[in-house]
């Protein structure tokens, strides 16, 4: 989805990764959890922190900072797991996105969204819907469906299946 496709006021959930503020379309967010014990699954990439038990279901947890080439998320009183629903090729996958803290839910008008810059950022701008402007600050608007590749989503799905078999 590009900035041109955003034609209505949309609600976003903002969160911090390090000093950077990111936001997700609230329609992709199922819930926000306090940090809980994450069970590491062997032979997975570093950014795949492991799995959690969410009401009897296995949910893979991704360290968003590691995914974006930042340092590993350290647990603090504000560390949380944002449960999101990712769509890839018509399939929906539930996963947990580890964040340093959640900020707020806010409305953003289309005229307050600029295209993502093509240079000068640590992450691939294909993952961004754009740059939201709120109170004279820019917020990186993530397109969570484009953050992960098909191979990564397959890995996430298999993590859940392996963990369920182990129970």
* Within segment 1-20, can you find the residues that are out of contact with any helix residue (DSSP H, G or I) (no Cβ under 7 Å at 6 or more places or on another chain) and modelled with pLDDT of 95 or more? -> 14, 15, 16
* To do: Take residue 148 and decide whether it is modelled with pLDDT of 75 or more, under 25 Å from residue 34 (Cβ atoms) and surrounded by 18 or more Cβ atoms within 10 Å (Cβ to Cβ).
  => yes
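Considering each residue of segment 69-92, count those that are in contact with a helix residue (DSSP H, G or I) (Cβ under 9 Å, 6 or more places away or on another chain) and more than 16 Å from residue 145 (Cβ to Cβ), and give that number. Reasoning before the result, please.
First, the residues of segment 69-92 that are in contact with a helix residue (DSSP H, G or I) (Cβ under 9 Å, 6 or more places away or on another chain): 70-73, 82, 84-89, 91.
When the remaining residues are screened for being more than 16 Å from residue 145 (Cβ to Cβ), the result is 70-73.
Total meeting the criteria: 4.
Does residue 71 satisfy the criteria of being in contact (Cβ under 8 Å) with a residue 12 or more places away in the chain and surrounded by fewer than 20 Cβ atoms within 10 Å (Cβ to Cβ)?
Numbers: in contact (Cβ under 8 Å) with a residue 12 or more places away in the chain: yes; surrounded by fewer than 20 Cβ atoms within 10 Å (Cβ to Cβ): yes.
When the stated conditions are applied, residue 71 passes them.
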* To do: May I ask you to verify whether residue 89 is modelled with pLDDT under 95, at positive phi and surrounded by fewer than 19 Cβ atoms within 10 Å (Cβ to Cβ)?
  => yes
* Looking only at segment 11-31, count how many residues are within 15 Å of residue 145 (Cβ to Cβ) and surrounded by fewer than 20 Cβ atoms within 10 Å (Cβ to Cβ). => 4
* In segment 21-34, which residues are in contact (Cβ under 8 Å) with a residue 60 or more places away in the chain and out of contact with any helix residue (DSSP H, G or I) (no Cβ under 7 Å at 6 or more places or on another chain)? -> 21, 22, 23, 25, 26, 30, 32, 33
* To do: Kindly establish whether residue 34 is surrounded by fewer than 17 Cβ atoms within 10 Å (Cβ to Cβ) and either modelled with pLDDT of 95 or more or more than 15 Å from residue 158 (Cβ to Cβ) (or both).
  => yes
* Asked: Does residue 161 fit the bill of being in a helix (DSSP H, G or I), over 13 Å from the mean Cα position of the chain (by Cα) and modelled with pLDDT of 90 or more?
  -> no
* To do: Scan segment 120-135 and report the pairs whose first residue is on the phi < 0 side of the Ramachandran plot and part of a strand (DSSP E or B) and whose second residue is modelled with pLDDT under 90 and surrounded by 18 or more Cβ atoms within 10 Å (Cβ to Cβ), with Cβ atoms within less than 9 Å and a gap of 6+ or a chain change.
  => 128/116; 129/6; 129/116; 131/116
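The values are calculated or read from the model by the stated rules, or taken from the named source; none is laboratory data. What you see is a predicted model, and the numbers here were worked out from it, not measured in a lab. All Cβ positions, glycine included, derive from the backbone under ideal geometry; neighbour counts span all protein chains shown.
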